[in-house]
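Notes to accompany the following structure.
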Amino acid sequence: MSSCPDERLSRRTILAALAGLGVGTAAFQRAVAWQAEQAGKVTAELIQQAEWIAGITLTDEERKAIATTVERDQRRFETLRKVELTNSVPPAMAFFAAPPQEAGGDIRRDLIRPIHAAAPEKPQSDEDVAFLPVTALSALLRTRKISSVELTNLYLSRLKRYDELLKCVVTLTEDLALEQAERADREMAAGRYRGPLHGIPWGAKDIIAWPGYKTTWGAGHYQDQTLDVKATVARRLEEAGAVMLGKLTVGSLALGDQWFGGMTRNPWNPSEGSSGSSAGSTAAVVAGLVGFAIGSETLGSIVSPCRRCSASGLRPTFGRVSRYGCMTLSWSMDKIGPIARSIEDCALILGAIHGADASDITAVDRPFAWPPNRDVRSLKIGYFEGNRPAEERRAQEALKELGVKLVPIKLPDKYPFNPLTVILNTEASAAFDDITRAGVREGIGRWGGTFRTGQFVPAIEYLRACRIRTLVMREMEELMSSVDAYVGGDDLTLTNLTGHPTTIVPDGARDKSPNDQPGTITFTGKLFGETDLLALAHAYQQMSGAHLRRPPLEKLLAAM
């Protein structure tokens, strides 16, 4: 580390860190701070001296790695300390003396339906059936041109056939699926129709619990874990009549596309991973192995694999969908959302799963309507000026054809938000504190270093970051007051911190794709503004049509 005065750790900084950790007496803290200040860095020896208060024991190699990371974090803390925080600025979190009761009556799921309900003719080939969107499958099921059992067996067969290529399945729930499909067929035959997802087979990211089946979180350490819980999102889909086919792969503890069974692959190009962590959910949808899937996002885990694999997806507003029964990575950032073959599919799925839940106090009731009740030509859509990526320039031209009003905007930049990822890292470290203290180092993917470093983040620095997050959220709200949504933008960290919804739309062509894979474009909307956001994305998708392309799975399977 350079010994330049503006880069060295000050004694005050080190004292604050040690005091926040509660390490030693005041005299001890001053002595250690003096030593660190003289050295110009936090050393492995200093980390070793602090281990007793953290309650963990580290190896020499781990001490060195953590010392390096703590120094990096201290520089981030210094950046955040430059933000003036008055006493009136609260952290972006809330305390509830008692869990709120689940609301009722405000959510009208019975009004959620496809824009065009007419049933198409059933395709001649199973391949064509498998790639139909939910909107078409729903109409075929409703008019009994196909049965749920027939559709379920078709998808189970495809999951078994193409998993060798994609490595997207952890556990098939075949018995449950056929039981649910048979019930769906009986109900529809008796005139009891539950809505547009009735009889539709779906896949669950394997952070979503279902009693009697393993919920592995993609991690070797948890690969035999069974939770006696039914996740709210799974329960609501069951109530909607959907059929759960299986648990799909997730990057180890919701990071990346590597899980204990290998790497989940992009159906368009199996030489690369599908990105993560909703890796299996996205791959299975794009390959036509499920009708739709459910994923989750903390910092990119729906957006990233949808972009890599060219899927239609929605990361909803934080608090739109209950996380109960799903693995926690970050209490203040985790979000659950749909991945499907069309944006309208995502709207129908959101209509079934959103709403308040007494088991997740962050989940709230907010209006959502589909079909949308607003002409997209009345929308004001933000765009970014300057030398933008080709997909954003192409999207702007298409938006002009749609007749929306384009408004130049600039993302918030008054406050530093990239250092605020300390919030995610600290919450994740707390969520998995038990395995860190137990000395677990294998079977947890790439998280080990982050979890150990999280033991050395002072509480005051975490809360400072949460307070600055409040300011960033206020600045983002000011921006969104001028538009209904915006197109593109390098905003993944920002919008995951502020909780804004983003939808991903296949569009154009992906650079250097070996199999004519589409590219993608993103649209970001107002908080709880999914109706307008999805209406815009749907109108754009109807112009593009890129979501109708299919990967050449048989050719790729033969080339293995």
Quiz prompt | Failed criterion for Leu379 (all others in (1) surrounded by 15 or more Cβ atoms within 10 Å (Cβ to Cβ); (2) touching a Phe, Trp or Tyr at 6+ places or on another chain (Cβ under 7 Å) hold) | solution = (2)
Quiz item: Could you count how many residues in the stretch 118-161 are touching a Pro at 6+ places or on another chain (Cβ under 9 Å), open to solvent by 30 Å² or more (accessible area, probe 1.4 Å) and part of a helix (DSSP H, G or I)?
Solution: 1
Quiz item: Val170 versus (1) of a type in the set (A, V, I, L, M); (2) part of a strand (DSSP E or B); (3) surrounded by fewer than 17 Cβ atoms within 10 Å (Cβ to Cβ): which is the lone unmet condition?
Solution: (3)
Quiz item: Thr79 fails exactly one of the following numbered conditions: (1) modelled with pLDDT of 90 or more; (2) open to solvent by 60 Å² or more (accessible area, probe 1.4 Å). What is the number of that condition?
Solution: (2)
Practice problem: Please determine, by comparing only the residues of the stretch 463-483 that are among the hydroxyl-bearing types (Ser, Thr, Tyr) and open to solvent by 40 Å² or more (accessible area, probe 1.4 Å), which one is nearest to the chain's Cα centre (by Cα). | Solution: Ser481
Quiz item: Mind checking whether some residue in the stretch 304-313 is out of contact with any helix residue (DSSP H, G or I) (no Cβ under 9 Å at 6 or more places or on another chain) and more than 30 Å from Met560 (Cβ to Cβ)?
Solution: no
Exercise. Evaluate the following for Gly449: is it touching a residue at least 12 places away in the same chain (Cβ under 8 Å), within 21 Å of Ala67 (Cβ to Cβ) and not in a helix (DSSP H, G or I)?
Key: no
Practice problem: Filter the stretch 425-446 down to residues that are farther than 20 Å from Lys64 by Cα, of a type in the set (Asp, Glu) and assigned to a loop (DSSP other than H, G, I, E, B), then give me how many there are. | Solution: 0
Exercise. Provide a single number: the residues in the stretch 344-368 that are under 20 Å from Ala485 (Cα atoms) and open to solvent by 30 Å² or more (accessible area, probe 1.4 Å).
Key: 2
Quiz item: Going by the conditions given, is Asp345 of a type outside the set (Gly, Ala, Ser) and under 25 Å from Ala117 (Cβ atoms)?
Solution: yes
Quiz item: Quick one: in the stretch 399-424, which of the residues that are assigned to a helix (DSSP H, G or I) and charged (D, E, K, R) is surrounded by the most Cβ atoms within 10 Å (Cβ to Cβ)?
Solution: Lys400
Exercise. Output the residue which, of all residues in the stretch 440-462 that are aliphatic (A, V, I, L, M) and modelled with pLDDT under 95, is surrounded by the fewest Cβ atoms within 10 Å (Cβ to Cβ).
Key: Ala459
Self-check item: Every residue from the stretch 510-522 that is in contact with a Phe, Trp or Tyr (Cβ under 7 Å, 6 or more places away or on another chain) and surrounded by 22 or more Cβ atoms within 10 Å (Cβ to Cβ)
Solution: Gln517
Practice problem: Looking at (1) open to solvent by 40 Å² or more (accessible area, probe 1.4 Å); (2) under 25 Å from Pro408 (Cα atoms), find the lone condition where Thr531 falls short. | Solution: (1)
Exercise. Taking the residues in the stretch 178-217 that are without any contact (Cβ under 8 Å) to a residue 12 or more places away in the chain and of a type in the set (Gly, Ala, Ser) as candidates, determine which candidate is surrounded by the fewest Cβ atoms within 10 Å (Cβ to Cβ).
Key: Gly191
Exercise. Test Thr495 against the stated conditions and say whether it is within 23 Å of Ala65 (Cβ to Cβ) and among the polar types (S, T, N, Q).
Key: no
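The values are calculated or read from the model by the stated rules, or taken from the named source; none is laboratory data. What you see is a predicted model; the values in this text were computed from it and never measured. Cβ sites come from the backbone with ideal geometry, for glycine too, and all protein chains shown count toward neighbours. These area figures cover heavy atoms from the full protein model, side chains too; ligands, DNA and RNA do not enter into them. Shrake-Rupley method; radii C 1.70, N 1.55, O 1.52, S 1.80 Å.
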